[in-house]
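The structure appears right after this line, and notes come after that.
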Amino acid sequence: MSADPRRSLPRTDVILGDARLRAATGRLGTAVVKNAVVTALAEARSGALPIDGIADRAHDLLPALATEMRAVINATGVVLHTNLGRAPLSAAAVEAMVAAAGYVDVEFDLADGSRARRGRGVLSALRAAVPGAEQALAVNNGAAALLLAVTTLASGREVVISRGEMVEIGDNFRLPDLMTVTGAVIREVGTTNRTSLSDYARAVGPETGCVVKIHPSNFLITGFTSSVGVAELATLGVPVIADVGSGLLLPDQLLPDEPDVAGSLGAGADVVTCSGDKLLGGPQTGLIFGRADLVERMRAHPLARALRCDKLTLAALEATLRGPRTPTSESLHADPQRLRQRCDLLAAALGAQVVPSQGTVGGGGAPGVPLPGWAVALDSALAAALRTGPTPVVGRVSGGHLLLDLRCVPPADDERLRDAVLLALGPPAAQRIP
Ligand SMILES: *Cc1c(COP(=O)(O)O)cnc(C)c1O
């Protein structure tokens, strides 16, 4: 071409007239499509693209969704990976969310046309899931549940808590800071490694709003230690809040040291708080279970309005509670034999090795529990290409290898994972142009 190609560049709106780009505008919005066209035009201006290729290129540049968040294949072996959004939702929860995305009777009684209690379906599902709880409440996350519970019971009074439980849960979320913003005065008792019932008994008095028992979920203290269980705390004569964190509603044999909501209530806790997007496998929520009078005070507290869940979350939570087994549970209880078979197939397709791999619960939970499984070992230099490919894959780098642990990969994604790795590997050496 001898003429200056920039002279004859079409205008943006001419390119936007392309039928596929017009359809994409309806799906993704004008700004997103325009961005793609502007990028394609810039490539044409620089001479990297022929003018008749601009619309095609813009179409290729379009994102799949009108959000920058990308769906990721979690091949880390970490079931509740906080950076990857913790629990993946079940198909039932996703469908419920999609249905709730439009107008929905979240706070409306269709029978008589009047206002109704918000999210009553979730509340009955929560009570059905934990029959020992008189009442339940869902809020924005686990931290919000504890914040609301302590503020309601102890603001302007004292909250008694063991020094061994003044912990950082993760990413700068520190229990002492949370307690301080409730407006309660913290009465620390005992020492880092040992606290006894008499320590609590000495601190409890007329100013006590509640005793808080935190499950230190992300570390272990071993050796010369002692702590006071919920059953003993319940003898102190003041409300006991147990923060069990992980969201295990009922005991799980796989996680014998993880306290569960039903067990903590049974032991005498007045209120139990936990997260909804850890072991429960639901959307980000904080759950509060316990005595009807106390939970009712929390629901009526002005802070509850600021911490309430949106309709999408309520829909997903209810479907998680009532619906089929969650992906989180599937991953936790994955059969090692079956994982091995899937790894063998993947490794054969990639010409790679299968190695033993220890998965973990993650999400700051069950730090001492290994989840034995298998992984496909690749060159660690592939990690970046896999993360940034069209199907982002996040593995675990260990001992100079990139491990792809299939524990958290739904079997239906095995072929997508294989294709993503093949793409990252590039054409076989023999076909590469030197
Ligand atoms: C995870 C956790 C929290 C915080 O819950 P979020 O849902 O992350 O806000 C609080 N307490 C304990 C014991 C936890 O494990």
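Please treat every number below as a calculation from the coordinates, not as lab data. All values derive from a computational prediction rather than experimental measurement. Reconstructed Cβ throughout: ideal geometry from the backbone, glycine too, with neighbour counts over all protein chains shown.
Positive end of the dipole of the chain (Cβ unit charges, origin at the Cα centre): among S331, V261, A100, the Cα lying farthest that way belongs to A100. Counting only Cα atoms, the size of the range 9-61 along its three principal axes is 30, 17, 15 Å, in decreasing order.
Can you give the Kirkwood hydrodynamic radius for the range 104-185, in Å, rounded to one decimal and based on Cα pairs?
Working: mean 1/r = 0.0654 Å⁻¹.
It works out to 15.3 Å.
Taking the DSSP bridge list for the range 169-313 and keeping only pairs wholly inside it, about 40 percent are antiparallel. Given +1 at the Cβ of Lys and Arg, -1 at the Cβ of Asp and Glu and no other charges, the dipole of the chain around its Cα centre is 740 debye to the nearest 20. Largest GNM mean-square fluctuation among A36, A334, A300, using the chain with Cα springs under 10 Å: A36. Between D109 and N35, the modelled labels are 4.6 nm apart [label points 7 Å from Cα along Cα→Cβ].
Quotient of the Cα radius of gyration of the range 298-398 and 2.2 N^0.38 Å, N being its number of residues: 1.52.
Comparing D419, D112, D260 in a Gaussian network model of the chain, where Cα atoms under 10 Å apart are tied by springs, the biggest mean-square fluctuation is seen for D112. For the range 9-61, the residue among A42, L28, H59 whose Cα projects farthest onto the positive side of the dipole built from Cβ charges is L28. In a solvent-free Debye calculation with one equal scatterer on each Cα, what is log10 I(q)/I(0) for the range 89-324 at q = 0.08, 0.09, 0.10 Å⁻¹, listed in the order of the q values? Those come out to -0.29, -0.37, -0.45, one per q. Here each label is just a point 7 Å from Cα along the line to Cβ, and for S46 and I221 those points are 5.7 nm apart. Comparing I161, I288, I54 in a Gaussian network model of the chain, where Cα atoms under 10 Å apart are tied by springs, the biggest mean-square fluctuation is seen for I54. If eta is 0.890 mPa s and T is 25 °C, what Stokes-Einstein diffusion coefficient results for the chain, Kirkwood Rh from Cα pairs, in µm²/s? In µm²/s, the coefficient is 99. The charge dipole of the range 9-61, taken about its Cα centre with unit charges on the Cβ of Lys, Arg, Asp and Glu (plus for the first two, minus for the last two), comes to roughly 180 debye.
Net charge within 13 Å of G85 by Cβ-Cβ distance, Lys/Arg positive one each and Asp/Glu negative one each, not counting G85 itself?
Details: positive: R70, R86, K278; negative: D277.
Charge balance in the 13 Å sphere: +2.
Beta bridges assigned by DSSP with both partners in the range 229-328 are antiparallel in approximately 55 percent of cases.
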